[in-house]
Structures are given as structure tokens and as C-alpha cells.
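The values are calculated or read from the model by the stated rules, or taken from the named source; none is laboratory data. The shown structure was predicted, so the numbers you read here are calculated from the model rather than taken from an experiment. Positions of Cβ are backbone-derived with ideal geometry, glycine not excepted, and every protein chain shown enters the neighbour counts. The accessibility values were calculated without ligands, DNA or RNA, using every heavy atom of the protein model including side chains. Shrake-Rupley method; radii C 1.70, N 1.55, O 1.52, S 1.80 Å.
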Amino acid sequence: MPRDAPPSEEALARSLLRWYARKRRDLPWRRTRDAYAIWVSETMLQQTRSKTVVPYYDRFMRELPTVHALAEAPEERVLALWSGLGYYRRARMLRAAARRVVASHGGRLPEEVPLLRQLEGVGDYTAGAIASIAFGRRAALVDGNVARVLSRLYAIGDDPRSARGSERLWELARRLVAAVDGNPGDWNQALMELGATVCTPGVPVCSDCPVKTHCRALATGAVADFPKRVTRAAQATVRRVAVVLASSSQVLLARRRKEALFGGLWEPPSAKGGLARLADRLGIDAASLRRSGEVVHVLTHRRMHVEVARGALPRRGHWAVPGSEYDAIEPVALGELGSEPQRRAYSTLTRKVLIVANVAAGGLRLKR
Ligand code: SF4
């Protein structure tokens, strides 16, 4: 291919769709055209790998198989089913949107992107996925995988995270999905599948790529240069202390306020600042605590360092919430942590904290 020739889009689409028909992974949400199921899976798949999502998706669909079931479920129940998947705002939004679908759309998801976009938590990507995969609409989508594949195929010189880069990618994705001779849902999924399995972030397997003859980055020997990356500011570091008060049968957990980071999730009480201050808020003697270790947990915009201290759980009828980040606190039976179905929602950070404190947390259903 000449250096600056654009890929032949007809041939590109044919090759990619043929490859997808043969090689696509058998994932549970690919066995259905149910718009609700596709919506749930696409929401879970944001920022999370398919392999991680499968058991969560299966459990969620078993427990809340319809949009009505989700709309009627208590928020705590939905968060518990989401425990360990991270980005819990997605779960809250999903439930809020389900309520709207029931109240305003008779329980049926809208088929068009503009109406889908009006639902809580449904952005351009999710709307495009639902419209194209569930309803066969010629709607485009761009996620991290699609951005990487298109950036390399077309040697796009802008960072996909920049406004200009994102605009160019969406424009290209719209043009391609409008032109492709085939099912738009399959086309979108084929692009994502290529990004997930062949055109991967580190070193792509170009030798196995069904569209290698169309790839401009490969033709110019510059695969490693795409997608373009403009260096971002360093992640903020957040330091906290966590106190794990446990007996042989119970551990003290507090629930984070809805508005806080990890809102609605249960965890051992923690705070910014020193251990003495947190111990004071809990009404215990800091000298009775033993340092267990440190947990490092990386989120999109921050890196959390949590110093973990452990102590014995005193018998007490009432606990005061330790600070404004919490709205409830109580001792929880250790057996409940691994119970199925899970009653409360916990984050992966909580699991790490409990493991460092040597409290049996193996049963907690959380992503590693
Ligand atoms: Fe990606 Fe390589 Fe295929 Fe180009 S040839 S699309 S870089 S896997």
C-alpha cells in the first residue's frame, strides 16, 4: 500500500467482518439481542475486561433479569451485585435509568441514540452500542479498543484523549459504520474484538491481523507510535489510615455516604490524617492498635496509599460514625463477607485492607 493511501474501506470491512464471524469469543451477552442484557453488559464493560465481567454479568442477569426487576431493586442490592467491579456510579446510574425506562418508555429501551442519551449514565459509547447491537441501527461507537485500532489503521496523529483526537475518531467511526456492507452491531463489535485480542495496547499481533494489508501504521513501520500519547499530569497521591477492629467472628465496617468516593460501600473505617485522630473518633485507644501494613490502590485519577492498623473489636452497643464520609457503622459477621448472594457492597480496596489486616476476606467476591 502506498504510504499515504487511505485503507480501502469496502475491503477492510469485508476482511474484518469475515474474521469476526470466525474468531469472535463466545461471551454470554453475544448470545442475546435483548436490549436490556446488552445495556447491562456494555455498562459493566466500561473500564473492565470481558473476562472479569462474565461472572458479574451472569449473576446480575440471574438476579435482575429484566428492566422492571432492576427498577424495583433496592440500591443496596444493586451495589452488592456490583461489588468488586469498581466505578460504582455506573451501578447507581443504571438503576436510575431503569426506573426512567419503566416510567417514561413503558419498560422498553428506546432504539435511537438521542433518546438513549437522555438516560442516566448512557453516554455516546453506550448509546451507540445499544442502538447498533440490539437494534441494528447504523450508530457509531468509540471505546478504548476502537480508538486504538482506528488510530493505527489510519495513523491518526492526535491523542484519542484530546478533544480533537476524539472528534476525529468519532467522525471516522460514523463514516465507517454508515458505509459498511453488513450488520452495524457486528461491525462495531468486530472493531472492539480486534482491539481486545489482536491490536492490543502493548505489542499488537500484526502477523495475525485480518486487516494488516490496510494498516497505515504497519505500512510505515510506526505501529509503536500509535495511538499518540500526550504526557498527562502525574496522578495525585492520597494517603489514608484504616482501622480494622475484629474479633474471631465480627469486623467493624462503616458505610460511605452516597456523595463520597465509593459511595454506599462498606469498609473498615478510614480517614485522611493520623491514626490517633481516627482512633479518637472511634473512641478507642490508639496504643491498642498494631500496624499491619500498607495497601496501594490505583484509581483513574489518584493513587491511594492506605496504612492499615488492626485491633480487637470491643463489645459495644452503639458506634458513632467516624466522620462526615460515613452514614452508618456496625459490626458485621465475618461469615457474611463471603455469603451468596452478597448482602452488602464492598470495594476491591476493602478486600485488600482486610487481607493485609489478616481478617478472613477470601470469600469476598471482589475483582483482584
Ligand atoms: Fe493493529 Fe497491527 Fe492490525 Fe495495524 S496491522 S490494525 S497495528 S494489529
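Need the failing condition index for Gly195 against (1) away from the ligand (no atom under 16 Å from the Cβ); (2) in the same structural domain as Val53 (by TED's automatic domain parsing); (3) modelled with pLDDT of 95 or more, just the number.
So Gly195 meets the others, but not (1).
Every residue, every condition in (1) crowded, with 20+ Cβ neighbours inside 10 Å; (2) in contact (Cβ under 8 Å) with a residue 24 or more places away in the chain; (3) under 10 Å from the mean Cα position of the chain (by Cα); (4) within 22 Å of Ala127 (Cβ to Cβ), yes or no:
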site: Glu42; (1), (2), (3), (4): yes, yes, yes, yes
site: Lys51; (1), (2), (3), (4): no, no, no, no
site: Val67; (1), (2), (3), (4): yes, yes, no, yes
site: Leu70; (1), (2), (3), (4): yes, yes, no, yes
site: Leu85; (1), (2), (3), (4): yes, yes, yes, yes
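Which of the numbered conditions does Lys352 fail, given that it passes all the others? Conditions: (1) open to solvent by 20 Å² or more (accessible area, probe 1.4 Å); (2) touching a His at 6+ places or on another chain (Cβ under 8 Å); (3) assigned to a strand (DSSP E or B).
For Lys352, the exception is condition (3).
Hey, among the residues in segment 171-191 that are within 14 Å of the ligand (Cβ to nearest atom) and buried (at least 21 other Cβ atoms within 10 Å of the Cβ), which one's farthest from the chain's Cα centre (by Cα)?
Looking at residues that are within 14 Å of the ligand (Cβ to nearest atom) and buried (at least 21 other Cβ atoms within 10 Å of the Cβ), I get Leu176.
So which residues in segment 181-204 are of a type in the set (S, T, N, Q) and in a helix (DSSP H, G or I)?
Passing the criteria: Asn188, Gln189, Thr197.
Within segment 273-290, which residues are open to solvent by less than 50 Å² (accessible area, probe 1.4 Å) and either in contact with a Pro (Cβ under 8 Å, 6 or more places away or on another chain) or closer than 11 Å to Val243 by Cβ (or both)?
Those that are open to solvent by less than 50 Å² (accessible area, probe 1.4 Å) and either in contact with a Pro (Cβ under 8 Å, 6 or more places away or on another chain) or closer than 11 Å to Val243 by Cβ (or both): Leu275, Leu278, Ala279, Leu282, Ile284, Ala286, Leu289.
Given the criterion open to solvent by 40 Å² or more (accessible area, probe 1.4 Å), part of a helix (DSSP H, G or I) and modelled with pLDDT of 95 or more, identify the matching residue among Arg168, Arg138.
Arg168
Taking the options Gly335, Gly311, Gly264, name whichever one is in a loop (DSSP other than H, G, I, E, B) and among the small types (Gly, Ala, Ser).
Gly264
Go through segment 291-304 and give me each residue that's within 24 Å of Leu85 (Cα to Cα) and either assigned to a strand (DSSP E or B) or open to solvent by 60 Å² or more (accessible area, probe 1.4 Å) (or both).
If the condition is that a residue be within 24 Å of Leu85 (Cα to Cα) and either assigned to a strand (DSSP E or B) or open to solvent by 60 Å² or more (accessible area, probe 1.4 Å) (or both), then Glu294, Val295, Val296, His297, Val298, Thr300, His301, Arg302, Arg303, Met304 are the ones that fit.
When you check Cys199 against the structure, is it within 17 Å of Leu16 (Cα to Cα) and within 25 Å of the chain's Cα centre (by Cα), yes or no?
Here the answer is yes, as Cys199 does meet what is asked.
From the residues in segment 210-227 that are within 7 Å of the ligand (Cβ to nearest atom) and either among the hydroxyl-bearing types (Ser, Thr, Tyr) or in a helix (DSSP H, G or I) (or both), which one is least open to solvent (accessible area, probe 1.4 Å)?
Filtering first and then ranking leaves Ala217.
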